[in-house]
Structure formats: C-alpha cells, structure tokens
Amino acid sequence: MGRRGGGIALLVLAALMLIGFMRSNASLAAPATVVALLLVVVAPLAGGLALLRGKGIARTRRLEQLRQQTIDAEILRMAVAEGGRLTAVEVATALALTPEAAKETLDALVARDVADIAVTERGVIVYTFHDATYLGGKGDAKGVLDA
C-alpha cells in the first residue's frame, strides 16, 4: 500500500468514524466528545489529505526536475552543434524559453562548472562549454597516467 492507498484508507476511516459519531447519542457540547471527534475523525482526515496532496507535490517536483534535465540536455546538444559557444538568446529561441529562464539555466550550468562565461568586444555574453569546444580532439585522448 503506497501513499495513495494509505491516504484513501485514512479518509474512509474518518468517514466511518464520523458516521458512527452522528449515529451515537453523544452530546457534541461535552468536551470529551469534541476531543474524541478531533482524534478519530479530524486527525485521520487531515492525515489522509496530507498523504494524497504530498503525492501530487512530489510528482510535480519530479516533473519539473525531468523538464530541467531535458532543457540541460538540449543546451548541451546545441553547444556541440555550435562549436561549444552559445548565447542566452540562441538558447531562448531554440528551446522556446524566456530570455530570463535561458540565462538562469545557463548560469546554473556555469555554477556546476559545465560552462564558462566569456564576453565579446561588443558586450555580448557567450557561454563556452569546455567539452563541446574540444570534442573533435577526443581521438587524441590518452590515459591519465600516460599524459
């Protein structure tokens, strides 16, 4: 039984306990009855809802992570095709991103040491990708101890 099953079970339990309370002749004005109602109806209800909502939040987070990984992969593919140099405008237009989102993604790649930032004489920011720039020389690779 996963999160969804547990959440549904708690909601069913809360509903059954509420039905039981409604059929009983317990006085809702009594403090003990209110405390019991909170413990056996409201607590399972809140727990069930939390379990069901938590799954949606985790799924949304996972989908966003997959989306970002796809964007990163497409940027690297573009970098290889462009000789290792890209601008935020190129990324934004090719991937249908806002210029701000493209810049944030490229800056994140710089922070992860996948790329560096260079500036042209005209002030254009160019992101350079180390591996994509020298991809043509991979045939000359030697072992670490052979170098």
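Here S27 meets each of (1) in contact (Cβ under 8 Å) with a residue 12 or more places away in the chain; (2) in contact with a helix residue (DSSP H, G or I) (Cβ under 7 Å, 6 or more places away or on another chain) with one exception, condition (1).
Right, A50: in contact with a His (Cβ under 9 Å, 6 or more places away or on another chain) and hydrophobic (A, V, I, L, M, F, W, C) or not? It is false that A50 is in contact with a His (Cβ under 9 Å, 6 or more places away or on another chain) and hydrophobic (A, V, I, L, M, F, W, C).
For segment 39-61, a residue qualifies if it is surrounded by fewer than 12 Cβ atoms within 10 Å (Cβ to Cβ) and modelled with pLDDT of 85 or more, and exactly one does: L39.
Evaluate the following for T70: is it surrounded by 13 or more Cβ atoms within 10 Å (Cβ to Cβ), among the polar types (S, T, N, Q) and not assigned by TED's automatic domain parsing to the domain that holds V12? Walk me through it before giving the result.
On the way: surrounded by 13 or more Cβ atoms within 10 Å (Cβ to Cβ): no; among the polar types (S, T, N, Q): yes; not assigned by TED's automatic domain parsing to the domain that holds V12: yes.
The answer is no for T70.
G20 meets all of the listed conditions (1) in a loop (DSSP other than H, G, I, E, B); (2) within 30 Å of G6 (Cα to Cα) but one, namely (1). Within segment 7-27, does at least one residue satisfy the condition of being charged (D, E, K, R) and either modelled with pLDDT of 85 or more or more than 34 Å from the chain's Cα centre (by Cα) (or both)? Within segment 7-27, one or more residues are charged (D, E, K, R) and either modelled with pLDDT of 85 or more or more than 34 Å from the chain's Cα centre (by Cα) (or both).
So, of the residues in segment 59-96 that are assigned to a helix (DSSP H, G or I) and among the β-branched types (V, I, T), which turns out to be nearest to I125 (Cα to Cα)? Even if it seems obvious, please write down each step before you answer.
Applying the first criterion (assigned to a helix (DSSP H, G or I)) to segment 59-96 yields 59-81, 88-95.
From the residues that got through so far, the ones that are among the β-branched types (V, I, T) too are 60, 70-71, 75, 80, 89, 91, 93.
Numbers: T60: 33, T70: 23, I71: 19, I75: 16, V80: 18, V89: 10, V91: 12, T93: 16 Å.
Selected residue: V89.
The values are calculated or read from the model by the stated rules, or taken from the named source; none is laboratory data. Everything numeric here is computed off the predicted structure, so don't read it as measured data. Neighbour counts are summed over all protein chains in view; Cβ atoms, including those assigned to glycine, are modelled from backbone coordinates with ideal geometry.
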